[in-house]
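Step one of this worksheet: look at the structure below.
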Ligand SMILES: *Cc1c(COP(=O)(O)O)cnc(C)c1O
């Protein structure tokens, strides 16, 4: 039996840092999901991380399932990645001119994602989706876009309509500051609803530039595509000259090495990547079919640029991460970890008598505190956020770090050990017993 005794220090230093932070940074954080508003309390300030663990400023240690919201699939401070970054830094941190590194990462990405003929590097997932949509509009000469409720595609204007976890957690489905004229060009449909999509496209196909979606919706937890949904989206978009964009910023390299498109066997016209592709440094990417990417400046007329895009440190972290991921046995080990955790969590909920739904796609997963099958935004909302709050605090006290919101996915890394996962399962059982 696992020894659950975790001696926690106080959270005094984090508390003090947070007090300082709120004076100079809105809400004390540089991205809203980092705040603990949904679960109460102050965010932890992190000092360092190694492998499966992160360490806060008070010296507490946690098994980490946030993994920087997905990127750290190899675990934190992976030796090969850190070594490569240090070496690259010695040669210079930014040139604003092409480097061989950019070609290397692009070639790697195109090999892993054969639906893309060309790819452009940017600095975040937000930039990737925002740019891909601009290109899709330029390519089709149409203005409207279709997105699905609960899908998050970054924080660009026009995409913050029913946009998943951050907005959901804070009760802001639509953000002030987005001009109505922008939002008007965003059509939002219920996820997994083929009929709604069919009806909309039949009526307005002449105006619709693209359909963008998360093939597995990670930004309301983990919502799987219903059988036939992605196939229907592909068919309807192709038939009507609409660009299909898979936002694989989260699912890329997680649902499978080749993303959800490899797992489900669907070929989108464009793909957005982020998170894992930068191995912990800021990288996003968008790419697609030749004739679409030929629209991108300077090859074509659609403008999109970036002073730090293709940054040598970021490219190096990305290249090294993808190379490590392509080693034999890596995905097998991650899958083994996930199976152990899934089995353990399902069993713990059963033993504790707490009704939950657990979903997983590759190394992203979510436990919902609900007795309803979660198929979309509406059913995700049935989850009991109070119960989640209790669960979150108990897990933290046991030294397990999960995202401070019911509507976020959890992530697994290569670095998690059997012991880490056993500890997590035992902690979860103890936490569930308190609900
Ligand atoms: C995280 C995420 C984004 C935004 O990426 P950033 O790097 O945070 O700008 C876009 N789409 C999806 C699906 C994401 O999960």
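The values are calculated or read from the model by the stated rules, or taken from the named source; none is laboratory data. Keep in mind that what you see is a predicted model, and the values were worked out from it rather than measured. Glycine gets a Cβ as well: all are built from the backbone with ideal geometry, and neighbour counts include every protein chain shown.
Does residue 71 satisfy the condition of being closer than 19 Å to residue 389 by Cβ and in a loop (DSSP other than H, G, I, E, B)?
Details: closer than 19 Å to residue 389 by Cβ: no; in a loop (DSSP other than H, G, I, E, B): yes.
Against the criterion (closer than 19 Å to residue 389 by Cβ and in a loop (DSSP other than H, G, I, E, B)), residue 71 does not qualify.
To keep it simple, each residue is scored yes or no on (1) within 16 Å of the ligand (Cβ to nearest atom); (2) over 19 Å from residue 296 (Cβ atoms); (3) surrounded by 16 or more Cβ atoms within 10 Å (Cβ to Cβ).
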residue	(1), (2), (3)
94	no, yes, no
98	no, no, no
116	no, no, yes
122	yes, no, yes
127	yes, no, yes
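Which residue pairs have Cβ atoms under 7 Å apart, sit 6 or more places apart or on different chains, and have a first residue in the stretch 15-32 that is in contact (Cβ under 8 Å) with a residue 60 or more places away in the chain and a second that is part of a helix (DSSP H, G or I)?
So the pair list comes out as 32/166.
Kindly indicate whether any position in the stretch 169-185 is within 15 Å of the ligand (Cβ to nearest atom), modelled with pLDDT under 95 and either surrounded by fewer than 16 Cβ atoms within 10 Å (Cβ to Cβ) or at negative phi (or both).
Quick first cut of the stretch 169-185, residues within 15 Å of the ligand (Cβ to nearest atom) only: 169, 175.
Next, only the ones that are modelled with pLDDT under 95 stay: 169, 175.
Of the ones still in play, those that are also either surrounded by fewer than 16 Cβ atoms within 10 Å (Cβ to Cβ) or at negative phi (or both) are 169, 175.
Yes, the stretch 169-185 contains a residue that is within 15 Å of the ligand (Cβ to nearest atom), modelled with pLDDT under 95 and either surrounded by fewer than 16 Cβ atoms within 10 Å (Cβ to Cβ) or at negative phi (or both).
Picking from 275, 239, which residue would you name as being touching a helix residue (DSSP H, G or I) at 6+ places or on another chain (Cβ under 9 Å) and crowded, with 24+ Cβ neighbours inside 10 Å? Before the answer, list the steps.
Working: 239 fails: crowded, with 24+ Cβ neighbours inside 10 Å.
Answer to the selection: 275.
Run residue 361 past the list (1) surrounded by 23 or more Cβ atoms within 10 Å (Cβ to Cβ); (2) in contact with a strand residue (DSSP E or B) (Cβ under 8 Å, 6 or more places away or on another chain) and report the number of the one that doesn't hold.
Just one mismatch for residue 361, condition (2).
Given the condition modelled with pLDDT of 95 or more, assigned to a helix (DSSP H, G or I) and over 30 Å from residue 38 (Cα atoms), answer yes or no: does some residue in the stretch 124-131 qualify? Let's see the steps before the verdict.
Pass one, the stretch 124-131, residues modelled with pLDDT of 95 or more: 124-131.
Restricting the remaining residues to those that are assigned to a helix (DSSP H, G or I) gives 125-131.
Okay, now just the ones that are also over 30 Å from residue 38 (Cα atoms), so 131.
There is at least one residue in the stretch 124-131 that is modelled with pLDDT of 95 or more, assigned to a helix (DSSP H, G or I) and over 30 Å from residue 38 (Cα atoms).
Which residues, counting only those in the stretch 171-215, are assigned to a strand (DSSP E or B) and either outside the structural domain of residue 273 (by TED's automatic domain parsing) or more than 18 Å from residue 139 (Cα to Cα) (or both)?
If we filter the stretch 171-215 for residues that are assigned to a strand (DSSP E or B), which is where we start, we get 174, 186-189, 208-213.
Matches in the stretch 171-215: 174, 187, 188, 189, 213.
Here are some residues: 130, 121. Which one is closer than 14 Å to residue 249 by Cβ and touching a residue at least 40 places away in the same chain (Cβ under 8 Å)? Write out each step before concluding.
Details: 130 fails: touching a residue at least 40 places away in the same chain (Cβ under 8 Å).
One residue alone meets the criteria, 121.
How about the stretch 282-302: which of its residues are within 11 Å of the ligand (Cβ to nearest atom) and surrounded by fewer than 24 Cβ atoms within 10 Å (Cβ to Cβ)?
Across the stretch 282-302, the qualifying residue is only 282.
For the stretch 72-81, state whether one or more residues are in contact (Cβ under 8 Å) with a residue 12 or more places away in the chain, in contact with a strand residue (DSSP E or B) (Cβ under 9 Å, 6 or more places away or on another chain), within 16 Å of the ligand (Cβ to nearest atom) and not assigned by TED's automatic domain parsing to the domain that holds residue 251.
Within the stretch 72-81, one or more residues are in contact (Cβ under 8 Å) with a residue 12 or more places away in the chain, in contact with a strand residue (DSSP E or B) (Cβ under 9 Å, 6 or more places away or on another chain), within 16 Å of the ligand (Cβ to nearest atom) and not assigned by TED's automatic domain parsing to the domain that holds residue 251.
For residue 198, work out the one condition from (1) at pLDDT 95 or above; (2) crowded, with 24+ Cβ neighbours inside 10 Å it doesn't fulfil.
Result: residue 198 passes all but (2).
Looking at this structure, is residue 246 more than 16 Å from the ligand (Cβ to nearest atom), touching a helix residue (DSSP H, G or I) at 6+ places or on another chain (Cβ under 8 Å), at pLDDT 95 or above and assigned by TED's automatic domain parsing to the domain that holds residue 194?
On the way: more than 16 Å from the ligand (Cβ to nearest atom): no; touching a helix residue (DSSP H, G or I) at 6+ places or on another chain (Cβ under 8 Å): yes; at pLDDT 95 or above: yes; assigned by TED's automatic domain parsing to the domain that holds residue 194: yes.
So residue 246 does not fit the description; no.
Check 31, 14 and return the single one that is surrounded by 18 or more Cβ atoms within 10 Å (Cβ to Cβ) and either within 16 Å of the ligand (Cβ to nearest atom) or farther than 30 Å from residue 336 by Cβ (or both). Spell out the reasoning first.
Numbers: 31 fails: surrounded by 18 or more Cβ atoms within 10 Å (Cβ to Cβ).
It is 14.
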